[in-house]
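Visitor: To start, I am sharing the structure in question, which I have written as structure tokens.
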Amino acid sequence: MSKSLKYFALAVLLVVSGCGGAAQAGGGAKLALDAPLPTTVPDGTKIVVGDPATQVAFKLSGQLDKVEKYVKFANLSGGPQTTEAFRAHALDLGAVAEIPSIHATWTGLPVKIVASKFRLDAINHPIYELGIAPGVNVKTLADLRGKSIAYSPGQAQGALILKVLKKAGLTKDDVKLVEIPSTGDVYTNALAGKQVDVAPIGGVQIKRYTTKYGKDGATTLQHGIRDDAGHLYGPVESLEDPAKAAAIRAYVAAWGVAQIWIDQHPKEWIAGYYVKDQGLTEADGQWLVDNAGHPEITADWSEAINRQQETIELLAKETKNPVLQAKDLYDLRFQAVAADAIKAGVAK
């Protein structure tokens, strides 16, 4: 076992067993949202987590058995799916981007963000680019005027389009927003079929789109906006359960170390996740690793909260929803959990 994997295992074991004071967990009383987090996961506690990529990271790093002592993984991701699973009381934690916690709150579902991951040099390592349909002339953001644009309210891609329009000095009235949910290759197909002129596409879809349709004139345009936020969030009712709160804390710590493992083991990640699990080619996997750059997991969420407040105010204006306070979406008790586990687990 490599030194980093030994530290990974130590970090997970320390968090699950509780090192730093025990708090009552597993009792019938609710845990107040401002009470200290329990640090010991009671025997038999299980939380359901929708975080497929990190599940693979645990497996590849040899840590899955330890995490599965208190986690049952669900094969789902994305805001709409996780929010519905929360409503059905079928999920305790989900991996999403910036928008789902905002929309869940607007629809009356109390949720909290418990972990956040960003990208270093985020402007040069975007998650999304603007896909431009073959034959459509868009070279700058100003060229979006008059174009039809795929738009998905409630998803990160939809918020990105609103931010892009604002940056370009345009409004929704200056373009035609076409409501299409962003799943799989829906947007690339819509572009190729000329259902829309422009659509935000992400991940390997960027590379595949230009490879497949570039000969027909398909292009992409970088938007120059930070779009790198990634969060773990869950329903307040799970955080009010002392046993589940302890397990969520343990998961957040293990999750943080797993993100660093992914960053430090690109070959294993490409082979085990992108190729074996996702069915991509090695070249696609390498492109994704290069495009992602390196993760940033900080113990200070103040800048992230400020950026999310800007997003909330933009969305509220465009959707006629009330302005939320971004800080209220975060459970600040978790602010340093992942970063501290990384320091204990790999920063030697």
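Visitor: Assuming R0 = 30 Å, can you tell me the calculated FRET efficiency for the pair Asp290 and Leu314, based on Cβ-Cβ distance, to the nearest 0.05? Could the numbers behind the result be given before it?
Guide: Numbers: r = 30 Å, r/R0 = 1.01.
In this case the efficiency is close to 0.50.
Visitor: Can I ask one more? Pop a pseudo-label 7 angstrom from the Cα along the beta-carbon direction at both Ala122 and Ala88 and give the gap in nm to one decimal.
Guide: Spacing of the two 7 Å Cα→Cβ label points: 3.2 nm.
Visitor: Students sometimes get this wrong: rank Lys163, Lys117 by accessible area, probe 1.4 Å, all chains present, largest first. Intermediate results must be reported in sequence, preceding the final value.
Guide: On the way: Lys163 45, Lys117 65 Å².
Heavy-atom accessible area, descending, gives Lys117, Lys163.
Visitor: If amide hydrogens are placed 1.01 Å from N in the peptide plane, which non-local residues have theirs closer than 5 Å to the one on Phe73?
Guide: Under 5 Å from the amide H of Phe73: Val49.
Visitor: Quick one: net charge of Tyr209's neighbours, Cβ under 13 Å, K/R +1, D/E -1?
Guide: Working: positive: Lys207, Arg208, Lys212, Lys215; negative: Glu129, Asp185, Asp216, Asp284.
Residues close to Tyr209 contribute a combined charge of 0.
Visitor: If I fit a long axis through the Cα atoms of helix 3-17 and take the longest principal axis of the Cα atoms of the chain, what angle between them do I get, 0 to 90°, rounded to 10?
Guide: Helix 3-17 sits roughly 60 degrees off the main axis of the chain.
Visitor: Less than 9 Å Cβ to Cβ from Val49, Lys/Arg counted +1 and Asp/Glu -1: what total charge do the surrounding residues give? Working shown, then result.
Guide: Working: positive: Lys72; negative: Asp51, Asp92.
Overall, the nearby charge balance is -1.
Visitor: So, one more: In the chain, what percent of the accessible surface is made up of carbon and sulfur (1.4 Å probe, ligands and nucleic acids excluded)? List each step's numbers first, then the result.
Guide: Working: 7950 of 15500 Å².
That fraction is 51 percent.
Visitor: Which order, highest average first, do 263-270, 195-202 follow once you tally other Cβ atoms within 10 Å for each residue and take the mean per peptide? Don't skip to the answer; put the middle values down first.
Guide: Details: 263-270: 16.6, 195-202: 24.5.
Averaged packing, sorted descending, gives the order 195-202, 263-270.
Visitor: Might you tell me the accessible area per residue for the chain, computed with a 1.4 Å probe and given in Å²?
Guide: Working: 15500 Å² over 348 residues.
So the chain comes to 45 Å² accessible per residue, rounded to a whole number.
Visitor: A further question follows. Which chymotrypsin sites (Phe, Trp or Tyr not before Pro) does segment 82-144 hold that lie in a coil by DSSP with at most 15 other beta carbons within 10 Å?
Guide: Values: sites: Phe86, Trp106, Phe118, Tyr128; in loops: none.
Answer in residue order: no site qualifies.
Visitor: Next question. When only DSSP loop residues count, what trypsin sites (Lys or Arg not before Pro) in segment 180-237 have their Cβ near at most 13 other Cβ atoms within 10 Å? Spell out each step's value before the answer.
Guide: On the way: sites: Lys194, Lys207, Arg208, Lys212, Lys215, Arg226; in loops: Lys194, Arg226.
Sparse-neighbourhood loop trypsin sites (Lys or Arg not before Pro): Lys194.
Visitor: Considering only Cα-Cα distances, which of the following residue pairs are longer than 32 Å: Lys72/Lys212; Lys30/Lys66; Lys267/Lys343; Lys212/Lys320? Display every interim value, and only then the final one.
Guide: Values: Lys72/Lys212 38 Å; Lys30/Lys66 27 Å; Lys267/Lys343 23 Å; Lys212/Lys320 39 Å.
From Lys72/Lys212; Lys30/Lys66; Lys267/Lys343; Lys212/Lys320, over 32 Å: Lys72/Lys212; Lys212/Lys320.
Visitor: Please list, or write none, the lysines whose alpha carbon is within less than 17 Å of the alpha carbon of Lys317, excluding same-chain residues fewer than 8 places away.
Guide: Hits, sequence-local ones excluded: Lys163, Lys166, Lys167, Lys172.
Visitor: Taking only Cα atoms and a 10 Å spring cutoff, compute GNM fluctuations for the chain and point out the largest among Ile47, Ile123, Ile132.
Guide: Between Ile47, Ile123, Ile132, it is Ile123 that shows the largest mean-square fluctuation.
Visitor: With the chain treated as a Gaussian network of Cα nodes joined by springs under 10 Å, which of Ala283, Ala122, Ala250 yields the largest mean-square fluctuation?
Guide: Ala283
Visitor: Same structure, new question: For segment 199-348, which semi-axes, largest first and in whole Å, follow from the square roots of 5 times the eigenvalues of its Cα gyration tensor? Spell out each step's value before the answer.
Guide: Details: eigenvalues 192, 124, 37 Å².
Result for segment 199-348: semi-axes of 31, 25, 14 Å.
Visitor: So, one more: Could you point to the residue in Trp287, Trp301, Ala253 farthest towards the positive end of segment 226-348's charge dipole, with +1 and -1 charges on the Cβ of Lys/Arg and Asp/Glu respectively?
Guide: Selected residue: Ala253.
Visitor: Compute the acute angle (0 to 90°) between the alpha-carbon long axis of helix 52-61 and the principal axis of greatest extent of the alpha-carbon atoms of the chain; round to the nearest 10°.
Guide: 60
Visitor: Taking the Cα centre of each part, how many Å lie between segment 255-274 and segment 95-154?
Guide: Taking the Cα centre of each part, segment 255-274 and segment 95-154 sit 24 Å apart.
Visitor: Still on this model: Tell me what the chain gives for mean residue ellipticity at 222 nm when only DSSP H runs of n ≥ 4 count, each as -39,500 (n - 2.57), the sum divided by the residue total, rounded to 500 deg cm²/dmol.
Guide: On the way: 14 runs with 143 residues, N = 348.
Using -39500 (n - 2.57) per qualifying helix, the result is -12000 deg cm²/dmol.
Visitor: Based on DSSP, what percent of beta bridges with both residues in the chain are antiparallel, to the nearest 5?
Guide: Working: 19 of 30 bridges.
Counting DSSP beta bridges with both partners in the chain, the antiparallel share is about 65 percent.
Visitor: Quick one: helix 282-292 against the long Cα principal axis of the chain, what's the angle to the nearest 10°, folded into 0 to 90?
Guide: Between the helix axis and the principal axis of the chain, the angle is about 80 degrees.
The values are calculated or read from the model by the stated rules, or taken from the named source; none is laboratory data. Please read these numbers as outputs of a predicted model, since none were measured by experiment. Positions of Cβ are backbone-derived with ideal geometry, glycine not excepted, and every protein chain shown enters the neighbour counts. Accessible surface is based on the protein model in full, side chains and every heavy atom, while ligands, DNA and RNA are left aside. Shrake-Rupley method; radii C 1.70, N 1.55, O 1.52, S 1.80 Å.
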